[in-house]
Amino acid sequence: MSNTSIYLAVVLALGVGAQWLAWRTKLPAIVLLLVFGFALGLGVGPPEDNLGMGSDGGGGPLLPLVSLAVGVILFEGGLSLQLREIKETRAVVLRLVTVSLLVTWVGSAYAAHVMMGFTWPMATLLGALLTVSGPTVVLPLLRQVRPTGRIGSVIKWEGIVNDPIGAVLAALVFEVVAHGVGDHVAWDSSWMLLRTAVVGLALGGAAAVLIIYMLQRYLVPDYLQNPIVLGVVVLVFALSNAIAEESGLVAVTALGVIVANQTRASIKHVIEFKENLRVLLIAVLFIVLSSRVQVGWDDVRDIGWGGLAFVATLILVIRPIATLLATVGSDLSRNERLLLSWIHPRGIVAAAVASFFALRLQGTPLAEEGEKLVLATFLVIVGTVLTYGLTLGPVARKLGLSREDPQGVLFAGAGLLTRQIAEALGNENVPTLLVDTNPQNVAAARMNGLRAHYASIGSEFVMQGLDLGGIGRMIAMTPNDEVNSIAAMEFRELFGSENVYQLAPSKKTSERHRRIPQHLRGRLLFGEGLTFEELRRRSEAGAQLKKTTLSEDFTIADFRKKYGDTALVLFTFPEPGRMRIAAEDQSLDLKAGGKILALIDPPEGGFSAGESGILR
């Protein structure tokens with residue numbers, strides 16, 4: 001096997017391994033990807049040396065490949081942008097990608113000139129470059145933190161939309177810096193901006209119409225839909241850039257937004273494919289580009305304390321001021337504005353564009369500052385990713401906009417037993433949300449003070465329209481086994497397979513259930529054979545829920561002795577606000593000090609009137 005093959009395998013293994021380790025340790029994946037990338041660069045050198053591309057500093061074909069990958073990532077980011085998400089905050093998003101972007105540009109340019117010694121032209125270019133953020137860093141952070149309410153949508157929209165805007169701005173400034181200020185600089189810049197926008201929007205819109213038409217008319221078989229959509233995205237990105245520089249980012253973003261917000265053709269499987277591809281591309285891109293940074297002691301001395309002060313100014317001064325000016329007079333809460341001011345990481349787009357600019361400046365009087373521009377950009381990327389990656393979660397939880405390991409439960413179904421369970425969980429500070437298509441069940445749940453919505457569990461409204469902040473698990477308890485299975489399939493991607501549960505299917509549907517692949521099913525709730533019919537039978541026979549605190553004096557054995565072996569433990573509460581769910585493949589920790597919630601069959605004489613803990 002060649003060294004190139006081994007290097008590519010190591011890059012892929014490090015990228016995937018970093019993401020898995022981040023999941024296990026609850027650390028931000030971006031932080032680990034940067035660490036692994038820098039370590040790879042120190043160990044075996046830059047990717048150009050290992051891929052046979054040469055080390056001329058330009059990256060050979062590496063940067064075009066990176067550019068194409070960024071285009072695919074931006075398209076996937078566009079697919080995640082639903083216009084209804086910002087129905088109430090559209091003005092805020094608009095100001096974030098205009099007013100906030102302008103303040104960031106001016107403030108960053110001034111700080112780069114004063115603190116890092118850049119000339120004014122190069123400081124202006126660096127400031128324009130640092131206005132970008134992008135889905136490569138914002139989306140992984142949002143997936144890690146999962147902020148509640150509308151603020152997550154605002155952050156996502158700003159991060160994705162300002163990426164092409166910032167890249168186009170940087171390209172405009174670069175043309176002025178590289179070729180000087182002519183007599184017609186205002187006209188030339190305006191024409192370049194107009195051409196970039198028109199070409200990008202026109203090609204992106206045309207490609208969206210083509211994709212929608214092909215999917216709607218069934219002109220493409222299912223197994224070719226993902227490859228064809230991917231091919232169209234890459235072609236549109238490259239063609240748009242060939243016509244107008246940096247317009248490809250505009251084209252693929254517009255393409256994703258248009259396709260995502262149309263209702264004529266289903267794109268669910270396309271979205272799933274692109275999400276998986278994005279995870280892989282982000283992992284590889286961060287590893288490869290961070291391994292390109294070969295920093296010596298001379299570079300460290302050149303950057304010095306001024307570079308660290310520059311990064312600190314971006315985070316602590318410029319970003320808060322920019323968001324304050326952009327959100328003044330909005331209906332965002334104080335805490336939402338504070339969280340918004342504490343997230344603006346820079347990612348792959350900034351790294352790729354900075355490397356491209358340095359290549360274009362080679363052989364010019366600005367070549368030395370061009371290399372310094374790359375180092376400053378990576379310093380900002382590392383500083384912002386480390387700062388926001390390690391602190392965004394704690395800050396969001398401190399502001400009450402996120403929960404670590406959310407314990408809340410989304411219930412599919414709002415029948416009597418489900419409502420009783422939800423009420424019991426609420427008493428233990430576990431958030432619940434009930435969804436049912438039976439209006440009587442929904443009305444009864446609301447009468448009990450429970451959050452409940454009249455909707456189908458698999459509908460787009462539930463998946464994207466409801467506030468699932470604090471919700472980390474899904475339990476399907478409807479009388480329809482097919483609906484339970486559909487709910488499990490729908491929410492596996494959002495909550496993870498370990499947090500999706502469904503009741504065991506009845507005998508008449510169990511054979512069909514077994515035909516469903518294991519990776520598409522939920523975990524069997526409460527134990528084998530506990531079907532909806534069985535639970536309803538026990539409930540109609542008088543079984544009731546009872547919450548009991550276990551102790552050294554009253555162990556689980558004493559509980560069994562008192563209530564019999566038929567007592568069914570449904571949930572345990574090891575500590576306040578934390579819960580574990582009984583499942584066929586999961587044994588519960590029934591030690592002293594914790595609470596249990598169990599379904600108790602009535603004794604021969606019935607429950608005594610004064611017995612406590614019974615939820616009727």
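Hey, rough spin-label estimate for Asp589 and Glu534, points 7 angstrom out along Cα→Cβ, what's it come to in nanometres? It works out to 2.7 nm between the two label points. Packing around the peptides 219-231, 361-373, taken as the average count of other Cβ atoms within 10 Å per residue, puts them in this order, highest first: 361-373, 219-231.
About the Cα centre of region 331-472, what is the dipole size in debye to 20, counting +1 per Lys and Arg Cβ and -1 per Asp and Glu Cβ, all else neutral?
Here region 331-472 has a charge dipole of around 180 debye.
Positive contributions from Lys and Arg (+1) and negative ones from Asp and Glu (-1), summed over other residues with Cβ under 11 Å from the Cβ of Thr384, come out at +2.
Look at the dipole of the chain built from charges on Cβ: of Asn441, Leu410, Val72, the Cα furthest out on the positive end belongs to Asn441. Quick check for you: which residues of region 128-158 have the amide N under 18 Å from the point 7 Å beyond the Cα of Ser330 toward its beta carbon? Counting backbone N atoms under 18 Å from the label point, the list is 131-135, 138-139, 142, 146-158. Compute the Cα gyration tensor for region 223-346, then decide on rounded, prolate or oblate, letting a ≥ b ≥ c be the square roots of its eigenvalues: rounded whenever a/c is under 1.5, prolate when a/b is larger than b/c in the other cases, and oblate in all that remain. Oblate is the answer for region 223-346, as a/c is 1.5 or above yet b/c matches or exceeds a/b. Packing-based ranking of 477-488, 584-595 yields 477-488, 584-595, ordered from highest to lowest mean Cβ neighbour count within 10 Å. With the charge dipole of the chain set up from +1 on Lys and Arg Cβ and -1 on Asp and Glu Cβ about the Cα centre, the Cα lying farthest toward the positive end among the listed residues Leu524, Trp105, Val35 is that of Leu524.
Computed from backbone phi, the HN-Hα couplings of region 118-127 come to 5, 5, 4, x, 6, 5, 5, 5, 5, x Hz, rounded to whole numbers (Karplus: 6.51 cos²θ - 1.76 cosθ + 1.60, θ = phi - 60°; Gly and Pro given as x). Amide H contacts under 5 Å for Thr148: Ser402, restricted to partners 5 or more places along the chain or on a different chain, H placed in the peptide plane at 1.01 Å from N. Dipole magnitude for the chain: about 1460 debye, using +1 per Lys or Arg Cβ and -1 per Asp or Glu Cβ, origin at the Cα centre.
By per-residue mean of other Cβ atoms within 10 Å, what is the highest-first order of 380-388, 439-447? Kindly include the intermediate steps, with their values, before the conclusion.
On the way: 380-388: 21.8, 439-447: 15.9.
Highest mean packing first, the order is 380-388, 439-447.
Readers should treat all values here as calculations from the given coordinates under stated rules, not as data from a laboratory. Since we're looking at a predicted model, the values are computed, not measured. With ideal geometry, Cβ positions are generated from the backbone for all residues, glycine too; neighbour counts draw on all protein chains shown.
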